[in-house]
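The values are calculated or read from the model by the stated rules, or taken from the named source; none is laboratory data. Since the model is a prediction, treat every value here as computed from it, not as a measurement. Virtual Cβ from ideal backbone geometry, glycine too; neighbours counted across all protein chains shown. With ligands, DNA and RNA removed, areas are computed over all heavy atoms of the protein, side chains included. Shrake-Rupley method; radii C 1.70, N 1.55, O 1.52, S 1.80 Å.
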Amino acid sequence: MDWKEVLRRRLATPDTGPNKKKSEQELKDEEMDLFTKYYSEWKGGRKNTNEFYKTIPRFYYRLPAEDEVLLQKLREESRAVFLQRKSRELLDNEELQNLWFLLDKHQTPPVIGEEAMINYENFLKVGEKAGPKCKQFFTAKVFAKLLHTDSYGRISIMQFFNYVMRKVWLHQTRIGLSLYDVAGQGYLRESDLENYILELIPTLPQLDGLEKSFYSFYVCTAVRKFFFFLDPLRTGKIKIQDILACSFLDDLLELRDEELSKESQETNWFSAPSALRVYGQYLNLDKDHNGMLSKEELSRYGTATMTNVFLDRVFQECLTYDGEMDYKTYLDFVLALENRKEPAALQYIFKLLDIENKGYLNVFSLNYFFRAIQELMKIHGQDPVSFQDVKDEIFDMVKPKDPLKISLQDLINSNQGDTVTTILIDLNGFWTYENREALVANDSENSTDLDET
C-alpha cells in the first residue's frame, strides 16, 4: 500500500483506546515522525544515476593570507609560469612576417585599385600553411567580419593582417599588465598602474626630455586619467579588461612615435607638453608655494570667472587637507572641467551641483547656483538675466523624464550636459552661451572678410 494512503488512514482513525484523547501537539509530532520515517524509506530506495552528484565540486579558492609566505610565493610563481606560457602562444615578428608572405602569395585576382584581396578558399589554404598559432584567426567568423562590399566575396589582405596585429598586441599588452597585477584578480590598483607607467617611460621616445625629478608628477598625472574615467565608484582599482577596451593606452603608447606631430602632442593628455602644462598651471596657482591650493588660489583657474558658490562645493565634496587641495585632487578637477561632455566628468560636476544629495537637480538647486552668476554679472556691470528664462532654457535643453527634476542620466542622455553645467558655474561660460548667436555672426563676418582679401 502507498505510504501516503497509510499515513492518511492512520491520522483519520479515532483514538478508541482507554487512554485520553491525544492533544493537537502530540498528533503533529506523530505526523512528523511518520512522515520522516516514510520519506527516509522512499529516499533510500532511489538510486543515484550519477556518482558525481554525491559530491559538490569546489568553486571557491581562498587567497593566501599575508603571513602565508610559502603559499603566496607558490601563487606568484604559478602565475608567472602561466603568463610565460601564454606569451609563447603569441605570434612573434618572424611568424608575422611569414604570415604576410603567405597572404601576399595567395592574392585572389582581379586586382581593383591598389588593394590586395583574398577569397575564402585561399584564406583557408593560408590558414593551413601558417601553423597552429594562427589557427584562431582563420575562421569563417573572422572572414565574415571583414567582408564588406567586394562583389567577388573577398576581403582585404591588409585589413586582415591589421586585425591579426591588433589581436596580438592586445594579448601582449594584457600579459604585460597582468605582470603588475599583484593580487592576481584581473585588476590593477593605483600603485600597480603607477609602477607600470614608471617602467614604461624609458620606452617612450616622446618622453626622453623629461627630467627624472618630474617622473613622479608625470606618473601621477597619467594615472589620474585612468582612475578618473575607469573607476567612477572610486574603489581604488581598475579591471585590466577596461584598460584594454578604452583608448587611453593607445594614447599613451602613441608616444613611441618619434615623429609625433606637435598638434597630436598638445591634444594627448599623456604627452610631455600636456603634463608640463597641467603641472605648470598648478604651480602658478599656488601663490604661497606650500604645494597645496586654497579656495582663493583655485578661484584663479582658467578665466578666473567661476562662482564662489561652486568653489565652496568643490572644497566641501572633494578630498582636502586642512581645507586645501593637493595635486591629485586638482587633477580630478581639471579632468572634469576639460571633458565636460564625458559621463564621468558630468558625474563629478553633478555631485557638486546636487547640494541636497537627492540624486537630482530641481528649481531650487538651479537657482542656488545661478544666483551667484547674476551677482557676478552685476559686479562686472552687466544686466542680470532672469532666472526664470534660464531655468526654462535648461529644462528645454535637457528634456528630463520628470518635468520638475533633472537626473544625472537625463544630463548624459540630452548631450547638453556640458552646456548646462557651464551656464551654472562659470560667468565666462554663461556669457559665451548667452551671446552665442552674436559670436557666430561675428565669426562669419570675419571669414567673409578673409575670403574677400
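For region 167-186, give me each residue that is aliphatic (A, V, I, L, M) and open to solvent by less than 80 Å² (accessible area, probe 1.4 Å).
Looking only at region 167-186, we keep the residues that are aliphatic (A, V, I, L, M), and these are 168, 170, 175, 177, 179, 182-183.
Correct list: 168, 170, 175, 177, 183.
What's the number of the condition residue 162 fails, among (1) touching a residue at least 12 places away in the same chain (Cβ under 8 Å); (2) part of a helix (DSSP H, G or I)?
Tallying (1) touching a residue at least 12 places away in the same chain (Cβ under 8 Å); (2) part of a helix (DSSP H, G or I), residue 162 fails exactly one: (1).
Only residues that are under 12 Å from residue 160 (Cα atoms) and surrounded by 12 or more Cβ atoms within 10 Å (Cβ to Cβ): list them for region 135-144, please.
137, 138, 139, 142, 143
Which of (1) in contact (Cβ under 8 Å) with a residue 60 or more places away in the chain; (2) touching a strand residue (DSSP E or B) at 6+ places or on another chain (Cβ under 8 Å) is the odd one out, the single condition residue 173 does not satisfy?
(2)
Which ones in region 187-203 are open to solvent by 20 Å² or more (accessible area, probe 1.4 Å) and either over 23 Å from residue 90 (Cα atoms) or touching a residue at least 24 places away in the same chain (Cβ under 8 Å) (or both)? Break it down stepwise before answering.
So in region 187-203, the residues open to solvent by 20 Å² or more (accessible area, probe 1.4 Å) come out as 187, 189-191, 194-196, 198-199, 202-203.
Listed by number, the residues that qualify are 187, 189, 190, 191, 194, 195, 198, 202, 203.
Just to verify a result, which residue in region 45-70, among those that are open to solvent by 70 Å² or more (accessible area, probe 1.4 Å) and at pLDDT 90 or above, is farthest from residue 176 (Cα to Cα)?
67
Give me the pairs, please: first residue somewhere in region 313-326 and free of Cβ contacts under 8 Å to residues at least 40 places away in the same chain, second residue anywhere and buried (at least 17 other Cβ atoms within 10 Å of the Cβ) and assigned to a loop (DSSP other than H, G, I, E, B), beta-carbon distance under 6 Å, and either six or more positions apart or on two chains.
So the pair list comes out as 324/292; 324/294; 326/292.
Among what's in region 283-325 and is among the acidic types (Asp, Glu) and open to solvent by 30 Å² or more (accessible area, probe 1.4 Å), pick the residue that is farthest from residue 367 (Cα to Cα).
Kept after step one, since they are among the acidic types (Asp, Glu), are these residues of region 283-325: 286, 288, 296-297, 312, 317, 322, 324.
From what is left, the residues that are open to solvent by 30 Å² or more (accessible area, probe 1.4 Å) are 288, 296, 312, 317, 322, 324.
On the way: 288: 34, 296: 23, 312: 16, 317: 20, 322: 30, 324: 27 Å.
Only one residue tops the list, namely 288.
I need the helices (runs of 4 or more DSSP H) fully contained in region 90-149, keeping only those with at least 1 residues that are more than 30 Å from residue 175 (Cα to Cα). Even if it seems obvious, please write down each step before you answer.
On the way: elements: 93-105, 120-130, 140-146.
Answer list for region 90-149: 93-105, 120-130.
Out of the residues in region 391-407 that are touching a Leu at 6+ places or on another chain (Cβ under 8 Å) and closer than 13 Å to residue 424 by Cα, state the one that is most open to solvent (accessible area, probe 1.4 Å).
391
Residues to consider are 260, 210, 255; find the one that is open to solvent by less than 90 Å² (accessible area, probe 1.4 Å) and closer than 23 Å to residue 174 by Cα. Give the derivation first.
On the way: 260 fails: closer than 23 Å to residue 174 by Cα; 210 fails: closer than 23 Å to residue 174 by Cα.
Step by step, each of 260, 210, 255 is checked, and only 255 is open to solvent by less than 90 Å² (accessible area, probe 1.4 Å) and closer than 23 Å to residue 174 by Cα.
Just need a number here: residues in region 215-244 that are free of Cβ contacts under 8 Å to residues at least 24 places away in the same chain, at negative phi and among the charged types (D, E, K, R).
2
Within the group 432, 448, 421, which residue is of a type in the set (Ser, Thr, Tyr), open to solvent by less than 20 Å² (accessible area, probe 1.4 Å) and either modelled with pLDDT under 85 or within 32 Å of the chain's Cα centre (by Cα) (or both)? Lay out the reasoning, then the answer.
Details: 432 fails: open to solvent by less than 20 Å² (accessible area, probe 1.4 Å); 448 fails: open to solvent by less than 20 Å² (accessible area, probe 1.4 Å).
Going through 432, 448, 421 in turn, the sole match is 421.
State which residue is farthest from the chain's Cα centre (by Cα) when the search covers only region 59-107 and only residues that are under 17 Å from residue 160 (Cβ atoms) and aromatic (Phe, Trp, Tyr). Steps first, answer last, please.
First pass over region 59-107, keeping only residues under 17 Å from residue 160 (Cβ atoms): 91, 95-107.
In the following step, the residues that additionally are aromatic (Phe, Trp, Tyr) were identified as 100-101.
Numbers: 100: 35, 101: 38 Å.
In this case the residue turns out to be 101.
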